[in-house]
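This report refers to the structure that appears directly beneath it.
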Amino acid sequence: MININTIYIVDDDAITTFGIKKLIHKSIRCETVMEFENGEQAMRRIKENLSKGGPIPDLIFLDINMPIMDGWQFLDEFQKITFDKKIVINIITSSIDQADVDTWESYKKKIPHYLNYSIKPIFSIDFKELLAANMAN
Amino acid sequence: MSLPAMTLTTVNNLVKQLPIPTALLDADFKLVHASHSWLEHFDCTKGQYFGKCISQLPQFIESQVLAQLKFCMEGTPQKLLFDTQTSNTQYKNYQFTCTPLYNENENIIGIILQAEDISHYLENEVRFEKLENLLKDQSEMSKVGTWEYHIATQELSWSKMTKKIHDVPENYQPNVDTAIDFYTCGHERNTIAMFFHNGMTKGQSWTTKSKMKTAKGKEKWVISSGKPIIRDNKIIRLVGTFQDITEQEKAEQQIREREQILHTLIDNIPLNIYIKDLNLKKILVNKAECDFLGVPNAQELLGKSDDDFFDKEMATKLRDEDLEVIFSEKPIFSQERILPNKTGKEIPMLVSKIPLKNLGGQIYALLGIGMDISSLKEKENQLRKLINVTSEQNKKLINFAHIVSHNLRSHTANFSMLLEFLMQEKDDTEKEQLVTMLSQAAQNLMETLENLNIVVDINANTDMEQEHLDLSKKIQQSVRVLDAYLKQKRAKIITNIPPGTTIKAAPAYLDNIILNILKNAMIYSHPDRPPVITLNAKKEGGTTVLSIQDNGLGIDLDKYGKKLFGMYKTFHNNKDSRGIGLFIVKTQVEAMGGTIDAQSQVGVGSTFNIRLHD
């Protein structure tokens with residue numbers, strides 16, 4: 001069974017968060033799964049952990065449309081933080097707008113992490129493939 | 001009378017002194033004696049000419065005189081005309097009287113030749129002839145005839161031209177009555193009769209323009225004048241002229257009619273028209289220009305310049321432009337200008353300025369045309385407003401469509417996901433939880449639909465009734481509603497609204513807006529201090545600005561400003577969400593034609609400014 005230390009779920013929709021959590025626990029072993037209602041909360045935690053030497057997430061499930069700090073703004077901020085670890089960020093959105101797909105493509109090029117894009121509804125998550133893709137990168 | 005017998009010397013002296021140029025010739029036409037005056041006239045003072053034939057004298061040409069002298073020698077006195085050029089190149093005309101000179105035996109022994117300088121007579125004659133011709137020509141050209149009336153004989157005579165004007169034959173014999181009858185019956189005829197009478201009795205002269213009908217029934221305009229001739233204090237005759245001015249009158253009438261048309265045209269055209277001379281004084285203005293500058297008639301504007309009607313700055317601006325057109329000789333067409341009218345109201349105008357040139361191509365005036373385009377501008381503004389409203393609506397619509405698809409899709413995706421989980425799930429406890437989640441999802445969807453419905457309602461009722469509301473009262477009401485919540489949060493409300501401040505709004509919307517912002521201030525209050533909310537209001541150019549300031553957490557607007565009034569999925573059980581509240585507030589404010597914005601500083605607090613009509 002795959003083992004992942006820390007997973008962040010950043011989404012303002014409780015049901016989606018519930019679904020992702022369910023899928024995580026069904027497929028893998030994970031010590032810490034943290035939930036955030038928007039990008040700002042997640043960002044604050046990451047910065048805090050970095051300064052205190054706390055854990056940096058290995059995998060982030062990221063919603064786009066959120067109040068205060070949305071998914072794209074989160075990526076802008078995340079990009080500014082430098083650390084050695086390569087992280088998997090899986091965008092999960094209900095948007096079927098091509099503009100969002102295009103934005104994902106452009107972030108994919110400039111972010112030094114593995115950026116995946118999934119459109120809801122989510123029925124399953126292939127963690128093996130996600131992690132493998134990150135390794136290959 | 002007998003003269004003493006004269007010696008030859010005496011005769012010689014006598015002849016010498018004769019005032020009329022006189023010469024005595026012998027039978028062979030040789031000069032025997034001559035007066036000084038003769039010698040002078042014919043350039044014979046120098047040199048010896050006595051004893052020589054007259055044809056050899058400097059001025060004489062044989063052929064001209066000899067034949068006639070021969071007739072004279074035969075006993076017939078002759079007169080002959082003779083012209084010559086004297087030494088100072090002056091042409092002179094002479095008339096010679098040749099008289100045979102008889103001796104005591106009645107034999108012709110010579111000729112007495114007397115010369116008379118008739119140059120000036122001839123000149124006068126020529127001049128007279130010329131004048132006569134000239135007068136005739138003039139009379140023909142200007143159609144001026146003459147008339148004369150002898151009071152004693154009661155005889156009236158007309159010149160050829162006068163008859164021609166009356167369309168009567170040359171042998172027509174007029175009298176006073178028939179003459180007066182040619183004038184149009186009534187005023188015209190009475191006037192001329194009176195003039196004629198006054199001329200005869202009081203010696204008054206006259207000139208008058210009248211209408212007449214000729215013998216052929218043609219209507220003509222004539223100027224007749226008359227004046228008395230007085231001899232020995234008695235009026236003996238009346239003389240005068242009679243001029244046909246029908247053509248001039250017609251031409252003048254045409255000009256007057258054209259002028260009338262032009263005046264009617266420029267006075268009724270809805271354009272301001274003026275002409276300025278080179279000193280920029282107005283020399284012609286139309287009615288529209290008078291109305292624009294608030295004067296009752298053109299007289300008030302003529303001779304005046306822009307200095308008399310505009311302030312110094314405007315007058316200088318206009319003068320500079322006028323001079324530019326005059327000096328450059330280049331007209332300007334349909335330029336947009338703002339000009340103050342009589343009430344000082346600024347009117348947008350389309351202005352043209354055209355230099356006027358005389359036939360010699362020199363500029364002598366400036367033609368100005370102004371068109372009031374305020375109504376056009378107003379329509380343009382209305383149109384622009386309409387376009388703004390439409391594009392704003394369109395933007396909202398797109399935004400709304402996006403929200404709808406996004407939100408609804410999000411809920412459907414959740415249903416889909418939960419149902420899939422439910423089908424896969426074997427564990428009953430898990431199943432139960434999924435069903436709870438599903439009902440939660442259903443409730444969320446319902447709530448979202450309700451919210452969307454509120455937004456649609458607001459946008460559909462942009463013309464809903466707005467009232468002038470007392471702002472302080474409205475705020476008190478909202479504070480009362482939230483009383484328990486505020487107490488629980490130990491919040492302090494400071495209201496600095498001047499009493500009587502009004503705001504134009506839909507009451508229900510205003511309540512919701514104030515409530516929402518107050519609630520927000522509670523939700524995002526700073527954990528270290530009790531909330532203090534300050535409400536201010538000020539008037540700003542037809543609007544009232546309500547400012548609601550808190551000392552809460554604040555928000556980084558540079559980063560999140562765009563999202564502040566957005567619509568997002570709500571955490572149902574989480575009070576800590578902006579959710580749809582501010583989105584509805586913004587929608588309501590905009591539906592009432594107002595605006596809302598926020599200022600904020602992280603850790604210090606936020607201020608919301610709501611601007612509505614007062």
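Things to note:
- Percentage relative contact order, region B:467-613, counting C-alpha pairs under 8 Å, at least six apart: 25 percent
- Neighbour net charge for residue A:53 - beta-carbon separation under 15 angstrom, K R +1, D E -1: +2
- Exposed chymotrypsin sites (Phe, Trp or Tyr not before Pro) absent - longest run of chain B, DSSP non-H/G/I/E/B, at most 13 other C-beta within 10 Å: B:173-614
- The share of alpha-carbon pairs in region B:344-470 lying farther apart than 22 Å comes to 69%.
- Only the Cβ atoms of Lys and Arg (+1) and of Asp and Glu (-1) were treated as charged; on that basis the dipole of the protein assembly as shown about its Cα centre amounts to roughly 1320 debye.
- Average partner coverage of A:14-26, which counts Cβ from other chains inside 10 Å: 5
- Three-way shape label, region B:108-208, alpha-carbon gyration tensor, a/c 1.5: prolate
- Stokes-Einstein diffusion for the protein assembly as shown at 37 °C, viscosity 0.692 mPa s, with a Kirkwood radius from C-alpha pairs, works out to 81 µm²/s.
- Selection of chymotrypsin sites (Phe, Trp or Tyr not before Pro), region A:1-109, meeting DSSP coil and at most 16 other Cβ within 10 Å: A:83
- Shielding by other protein chains, A:31-38, mean Cβ within 10 Å: 1
- Rounded to the nearest 10 Å², the accessible area of residue B:419 at probe 1.4 Å: 80 Å²
- Each part gets one Cα centre, and for region B:215-279 versus region B:523-567 those centres are 85 Å apart.
- For chain B: relative contact order, % (alpha-carbon pairs under 8 angstrom, 6 or more apart): 6 percent
- For region B:8-117, the gyration tensor built on C-alpha atoms gives an oblate shape. Its axis ratio a/c (a ≥ b ≥ c) is at least 1.5, and a/b is not larger than b/c.
- One way to sum up the overall shape of region B:467-613 is the equivalent ellipsoid from its Cα gyration tensor, whose semi-axes run 23, 18, 15 Å, largest first.
- Gyration tensor (alpha-carbon) shape descriptor, chain A, a/c threshold 1.5: rounded
- Reference-scaled alpha-carbon Rg (2.2 N^0.38 Å with N residues) for chain B: 2.32
- Volume of the Cα convex hull of region B:269-372, divided per residue and given in Å³: 96 Å³
- For residue B:371, the shell of other residues with beta-carbons less than 11 Å away shows a net charge of -1, using +1 for Lys and Arg and -1 for Asp and Glu.
- Take the accessible area of chain A alone and of chain B alone, subtract that of the pair, and you get about 2800 Å² summed over both chains, using a 1.4 Å probe.
- Region B:269-372, relative contact order [Cα under 8 Å, separation at least 6], %: 29 percent
- Annotation: per residue accessible area for chain B equals 59 Å², rounded to a whole number [probe 1.4 Å, protein chains only].
- Surface composition of region A:67-137: carbon and sulfur make up 53 percent of the accessible area, probe 1.4 Å.
- Across B:287/B:379; B:473/B:563; A:128/B:563; A:26/A:110; A:21/A:108, pairs whose alpha-carbon gap is larger than 29 Å: B:473/B:563; A:128/B:563; A:26/A:110
- By accessible area, using a 1.4 Å probe on protein heavy atoms only, region B:467-613 has 50% of its surface on carbon and sulfur.
- Shielding by partners, peptide B:407-420 (average Cβ within 10 angstrom, other chains): 6
- Leading residue at positive end of dipole, the protein assembly as shown (Cβ point charges), from B:97, B:192, A:112: A:112
- Spatially proximal lysines relative to residue B:317 (Cα-Cα < 17 Å; intrachain offsets below 8 disregarded): B:276, B:281, B:282, B:304, B:353
- Summing Cβ point charges (Lys, Arg +1; Asp, Glu -1) relative to the Cα centre of region B:359-460 gives a dipole of roughly 840 debye.
- Region B:345-375 versus region B:379-440: alpha-carbon centroid distance in Å: 63 Å
The values are calculated or read from the model by the stated rules, or taken from the named source; none is laboratory data. It should be emphasised that the depicted structure is a prediction, and the values quoted were computed from it without experimental measurement. Methodologically, a virtual Cβ is constructed for each residue, glycine included, from the backbone with ideal geometry; neighbour enumeration extends over all protein chains shown. When the accessible area is computed, the model is the full protein with side chains, heavy atoms only, and any ligands, DNA or RNA have been set aside. Shrake-Rupley method; radii C 1.70, N 1.55, O 1.52, S 1.80 Å.
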